[in-house]
Amino acid sequence: MKRINFSNGAVWEEIVDYSPVGRIENILEISGTTTVIDNAVVGVNDTCLQTKTIIKKTKKVLKEAGASLDDFVRTRCLLLISAS
């Protein structure tokens, strides 16, 4: 079984051999997704904006993998409440 990786464009993907979505046959695994865009954290102290940003990034990479948000089975969210 060959693993196929999909990118969301994060700069550290190549540095640490990280992929936000991996596919083996008909199973997609989604790893941690952050609100970092263009090296800046989006939505500090705004959990609603963080959630929307992560869903938007996840939706995009899922589409590239041939799936959608409707294919989710389970999710966990860790949100940054304060950047102090």
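Bear in mind these aren't lab numbers, they're just calculated from the coordinates by the rules spelled out. Just so you know, these numbers come straight off a predicted model, no measurement behind them. Cβ sites come from the backbone with ideal geometry, for glycine too, and all protein chains shown count toward neighbours.
Details
- Qualifying GluC sites (Glu not before Pro) for the range 1-78 [loop in DSSP, other Cβ within 10 Å: at most 12]: 25
- Cα long-axis angle, helix 47-64 against the chain (0 to 90 degrees, to the nearest 10): 20
- Within the range 3-71, the proportion of C-alpha pairs whose separation exceeds 18 Å stands at 38%.
- Sparsely packed loop sites in the range 1-53 (the trypsin sites (Lys or Arg not before Pro) outside DSSP H, G, I, E and B with at most 10 other Cβ atoms within 10 Å) comprise 2.
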